[in-house]
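The values are calculated or read from the model by the stated rules, or taken from the named source; none is laboratory data. Because the structure is a prediction, the values reported are computed rather than measured. With ideal geometry, Cβ positions are generated from the backbone for all residues, glycine too; neighbour counts draw on all protein chains shown.
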Amino acid sequence: MDILQIIDEFENTVEETARIPLTGKMVIHEEVVYTFLDKVRAMMPETVREADWVIRERERILAEAEREAATIIETANKKLQKITGESEIMKLAKAQGDEVVENAKKAAREITQGSYSYADEVMTQLQSELEKILLNVRKGREELRVNLRER
């Protein structure tokens, strides 16, 4: 029997008790009242223990939920930091990649310019040598003409 049943039983007893006419009062034997009070007192410690257990269990569940919420928040923050960090790493990698590409293009332009300059220098020397050879060929032909006329 639980405490609510005892209270219901006491309420039924009160309702069934005879009333004093015109006063609205009733008479309940002292023994009946004390019997119900004893039953309530006997049940009270168990009920109080149950209520205390319910309160402690509620507090435990709330504390556990708060710990889980804190863990979830911490995990989310770590993931956010990781994603942000990865994003920063990606930005840094892209910037470095762009710099490498730009340096490679610059080096390619310098190599191309250098090769053109070298080719121009080689051709200038070749032209100079060819001009000397041509000059020698002209001189040789001139000598041949002079020798042909003299004979």
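Just a few scattered comments:
- The C-beta contact set for the range 1-27 (first residue of a type in the set (G, A, S), second residue surrounded by 10 or more Cβ atoms within 10 Å (Cβ to Cβ), distance under 9 angstrom, 6+ apart or interchain) comprises A18/M26.
For (1) closer than 29 Å to I3 by Cβ; (2) under 26 Å from the mean Cα position of the chain (by Cα); (3) at pLDDT 90 or above, each residue gets a yes or a no:
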position	(1), (2), (3)
M44	yes, no, no
W53	yes, no, no
E64	no, yes, yes
A69	no, yes, yes
K79	no, yes, no
D98	no, no, yes
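- Filter result for the condition that a residue is of a type in the set (V, I, T) and modelled with pLDDT of 85 or more, over I20, I3: I20
- Against the list (1) in contact with a Phe, Trp or Tyr (Cβ under 8 Å, 6 or more places away or on another chain); (2) outside any helix (DSSP H, G or I), the condition F10 fails is (2).
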